[in-house]
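Notes follow once the structure below has been shown.
The values are calculated or read from the model by the stated rules, or taken from the named source; none is laboratory data. Keep in mind it's a predicted model, so treat the numbers as computed, not measured. So basically every Cβ, Gly included, is an ideal-geometry build from the backbone, and we count neighbours across all protein chains shown. For the accessible areas, the whole protein counts, side chains as well, though only heavy atoms, and no ligand, DNA or RNA atoms are used. Shrake-Rupley method; radii C 1.70, N 1.55, O 1.52, S 1.80 Å.
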Amino acid sequence: MAEVAPAVEDVLSAYLAERAAESGTVGAQFTGDVVGHLTRFLLGGGKRLRPAFLWCGWRAGGGTGATEGDILRIGAALELLQGCALIHDDLMDGSAVRRGSPSTPAAFTTLHRSRALSGDPARFGASAALLAGDLALVWAQDLWEETALSATARRRGRALWRTMRTEMVAGQYLDLYGQAAGSWSPPETLRVAHLKAGLYTVQRPLGLGAAIAGAGRRTREALERAGQAVGVVFQLLDDLSDLYGQPSSAGRPAGEDVRRGTPTYLMAVAMERARTGGHRTAERVLTEALGDAALDEAGLERVRAAVARVGARTVVERHIEELTGQARDAIAEAGLDDVVEQELNQVIEDVVRAPLTAPDRRGTAGRSGEHTGSRAGRGTRRGDAA
């Protein structure tokens, strides 16, 4: 498994170089600006979790129906799909930072200013980012189609590939709509978050690999249960990381979900418990902070205190523990080879083990990342670093 990420990186790098060479016939400006930026962005970070889950699903199905090279190429296609999602996410959210560097809209805004181009730099940056994200999506589809799968394997995987892309876009729209409508139902926020990130990060890649390999029904159903549980865990950890992690743990400033008014499951639970539990002060703090783009660190600390006061963080962490246990139980029931089972459990551990390092309200480091007694281990994860 340790070799999957660098192998996918090599495939992705070679594919992007090939497409850059082809785009040279279109125009040097496009190649240097858009293709160049997209290449740097896609190769500039990420843990390659989606290819890892794809690989595990394929191995769980017996490793048939495709060569290792085929699976690595589809893993690279998943990374292109992820690149599209991240670029468009930053565009919709107005994010200035991604993976510790300027986001794609911000990078193109800076390019406009540095070359003293005419017009509005921010509008140019947003428009160029839209095109870069579209290009990543187009190339993801091209790579999927160009991968030399057998007709049977392609037919088995096609429905999941198609569904995964639709779910990703649907999740993005419902997230956007939820912010505008002020939808704060915990079940609804969890469903949207899973559509937006959990499904195409864990469940669909895992299922796609198994489908290509022609896995049996027992294995496919067990992997689907495991993937669904881990996909939700992935997003819950991302919610915690946004509020409690240091900027480096997410590649963006802490508290961005709060400032944007994103209806995350963590904040939805906090709001519901504040209202039903009569925590008037906590409710006021949360209501005033959510959507406040100018919220400073002191305001963010008040939000953290309010979330703790109503017990929302504990609820989320317990849910993470339960779901992680369910995933491991499902894997144990899948009838996998011991080595494959160990590989899959290790990838799940990689999702949930990274500790948060932000200090808690008493000023001591470490506790904000702990899941006390959790079978998932310690810590949380950041969505975009994957």
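A compact table of results
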| quantity | calculated |
| --- | --- |
| Overall dimensions of the stretch 66-115 by Cα: Rg and Dmax, Å | 14.8, 47 |
| Shape call, the stretch 281-322: gyration tensor on alpha carbons, a/c limit 1.5 | prolate |
| Mean Kyte hydropathy of -0.5 or more with a Cα span along the axis of at least 27 Å, helices from DSSP in the chain | 4-23, 68-93, 121-146, 217-244, 312-332 |
| Amide H partners (placed H, <5 Å) of Val97, local residues excluded | Ser103 |
| Those trypsin sites (Lys or Arg not before Pro) in the stretch 139-219 that DSSP places in a loop and that have at most 11 other beta carbons within 10 Å | none |
| Cα principal axis extents for the stretch 161-217, largest first, Å | 43, 19, 14 |
| Accessible surface of the chain, 1.4 Å probe, proportion on carbon and sulfur as whole % | 52 |
| Volume in Å³ per residue [convex hull over Cα atoms, computed for the stretch 146-296] | 132 |
| The chain, relative contact order [Cα under 8 Å, separation at least 6], % | 18 |
| Debye, to nearest 20: dipole size of the chain, +1 on Lys, Arg Cβ, -1 on Asp, Glu Cβ | 620 |
| Size-normalised alpha-carbon gyration radius of the stretch 104-174, reference 2.2 N^0.38 Å | 1.57 |
| Rel. contact order, % - alpha carbon contacts under 8 angstrom, at least six apart, the stretch 1-138 | 24 |
| Highest average packing first - 346-352, 51-57, 173-179, Cβ atoms within 10 Å | 51-57, 346-352, 173-179 |
| Helix-derived mean residue ellipticity, 222 nm - over the chain, DSSP H n ≥ 4, -39500 (n - 2.57), to 500 | -22000 deg cm²/dmol |
| Interatomic Cα distance distribution for the stretch 299-341, bins of 10 angstrom, percent | 25, 29, 20, 15, 11, 0 |
| Nitroxide proxy distance, nm - points 7 Å out along Cα→Cβ at Ala96 and Arg155 | 5.4 |
| Among Val307, Val11, Val26, residue whose mean-square fluctuation peaks in a GNM of the chain (springs only between Cα atoms under 10 Å) | Val26 |
| Dimensions in Å of the chain - Rg and Dmax from alpha carbons | 20.9, 65 |
| Qualifying trypsin sites (Lys or Arg not before Pro) in the stretch 91-130, DSSP loop, other Cβ atoms within 10 Å at most 11 | Arg115 |
| Heavy-atom accessible area per residue - the chain, 1.4 Å, Å² | 41 |
